[in-house]
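The values are calculated or read from the model by the stated rules, or taken from the named source; none is laboratory data. Worth saying up front: this structure is predicted, and the values here are computed from it rather than measured. Here Cβ is always computed from backbone atoms with ideal geometry, including for glycine, and neighbour counts include all displayed protein chains. The protein model used for the area step is the full one, side chains on, heavy atoms only, and it has no ligands, DNA or RNA in it. Shrake-Rupley method; radii C 1.70, N 1.55, O 1.52, S 1.80 Å.
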Amino acid sequence: MSTYSDLKLIRWGIIGCGNVTEVKSGPAYQQTKGFRLAAVMRRDQEKLIDYATRHGVEKYYTSAEHLINDTDIDAIYIATPPDTHKYYALKVAEAGKPCCIEKPLAPCYEDSLTIYDSFANKGIPLFVAYYRRSLPRFEQVNTWIKSNEIGEIRHINWHFCKPPNDVDLSGAYNWRTDPKIATGGYFDDLASHGLDLFTFLLGEIKTVSGIAHNQQGLYAAKDAVVACWLHENGITGTGNWNFGSDRREDHVEIIGSKGKIEFSVFKEEPLVLKQGDHKQEIYIENPLNIQMYHVKNIKKQLLEENYLHPSTGESALHTSWVMDKILGKL
């Protein structure tokens with residue numbers, strides 16, 4: 001039962017109003033009935049005022065602590081790089097406010113566990129922006145699995161690769177390839193989405209191992225990763241991620257005893273169901289504000305009865321464990 005269902009409106013504050021909040025997430029908090037984006041925080045005052053003005057946000061702060069402790073703010077969305085998630089999250093937990101944190105929960109499992117415990121021990125709702133769990137295209141994949149369209153699931157495989165970008169080639173600083181923030185580089189940023197989705201679709205992983213290497217020498221973080229794992233229900237899994245290829249590829253296969261499902265984690269390509277000689281394709285477009293369904297589901301848990309969001313601190317903690325195991329950090 002929701003402890004916030006007596007509220008008619010939840011006023012949100014965003015810490016870190018950068019690019020991810022411009023279209024992907026920020027507007028979702030403004031457009032969801034029962035929510036209002038009431039304050040934003042950014043250290044760069046000029047960019048902060050510009051953001052608040054363009055998005056029609058009344059309050060703005062250069063201090064995260066002032067936003068967190070504002071009595072007119074009911075809940076906090078942390079949209080900063082992962083290395084600051086723990087610092088801000090512990091302050092939000094201390095303030096006793098529900099929180100959504102951008103993925104990954106933290107750069108390592110240890111910090112993720114600290115964040116999770118700080119909210120769980122106080123019974124405060126914690127959500128993590130693994131929004132693919134709420135997207136209609138992956139709900140369709142889940143429907144095919146649950147309705148036994150491909151029989152018993154045997155194996156899942158994900159192949160992902162992309163070329164280095166101009167920033168990589170230039171040697172300019174990029175926090176996404178700074179090993180202090182992301183040991184696995186783009187693997188941390190991108191692979192976490194898919195691995196989290198796979199546990200949503202197929203259940204938690206009980207055994208996992210991997211190899212992480214730097215092939216290109218363009219930055220200090222890892223740029224080539226391979227992994228294999230076993231879900232608790234006996235489904236096997238493999239994945240390979242390379243960030244120095246000549247092209248971008250993103251292909252997932254879920255193999256069953258009676259057929260298979262194919263899809264892309266990031267591209268809006270058709271979902272494919274193959275059963276013998278029969279092939280079915282379904283195209284489901286993502287919303288412009290891609291976190292819209294994720295945010296609407298936060299509202300369902302906070303303001304409605306008997307609903308549990310698919311992406312919580314607990315599920316994100318498991319994903320952090322899987323990532324650290326693959327990278328050899330545990």
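Points worth noting:
- Taking only the Cα atoms of the chain, the ratio Rg/Rh comes out at 0.97, with Rh defined as the Kirkwood radius.
- Violating pairs (Cα-Cα greater than 30 angstrom) within the set LYS59/LYS300; LYS24/LYS300; LYS33/LYS122; LYS59/LYS86; LYS97/LYS267; LYS91/LYS206: LYS97/LYS267; LYS91/LYS206
- Relative to one another, the C-alpha centroids of the range 187-215 and the range 248-269 are positioned 15 Å apart.
- The candidates HIS213, HIS318, HIS85, HIS251, arranged from most to least accessible area with a 1.4 Å probe in the full protein assembly, appear as HIS213, HIS251, HIS318, HIS85.
- Antiparallel bridges, percent of DSSP beta bridges restricted to the chain (to nearest 5): 60
- The packing ranking, built from the mean of other Cβ atoms within 10 Å per residue, places the peptides 275-283, 237-245 in the order 237-245, 275-283, highest first.
- Heavy-atom accessible area order for THR183, THR207, THR199, largest first, 1.4 Å probe: THR207, THR183, THR199
- Local electrostatic count at THR312 - Lys and Arg +1, Asp and Glu -1, tallied over other residues with Cβ under 15 Å: +1
- Label-point separation in nm, ASP50 to ASN157, each point 7 Å along Cα→Cβ: 4.6
- HIS55 sits among other residues whose Cβ lies under 14 Å from its own Cβ, and their net charge, with Lys and Arg +1 and Asp and Glu -1, is +3.
- Per-residue ellipticity at 222 nm, computed for the chain from helices alone with -39500 (n - 2.57) per DSSP H run of at least four residues, works out to -9000 deg cm²/dmol.
- Mean Cα-pair separation over length for the chain, i.e. relative contact order, pairs under 8 Å, 6 or more apart, %: 21
- Accessible surface for the chain, divided over its residues, is 44 Å² per residue with a 1.4 Å probe.
- Ligands, DNA and RNA left out, the accessible area of the chain computed with a 1.4 Å probe is 48% carbon and sulfur.
- Gain on full extension, evaluated as 0.36 nm per residue between LYS122 and GLN215 minus their Cα-Cα distance, stands at 29.1 nm.
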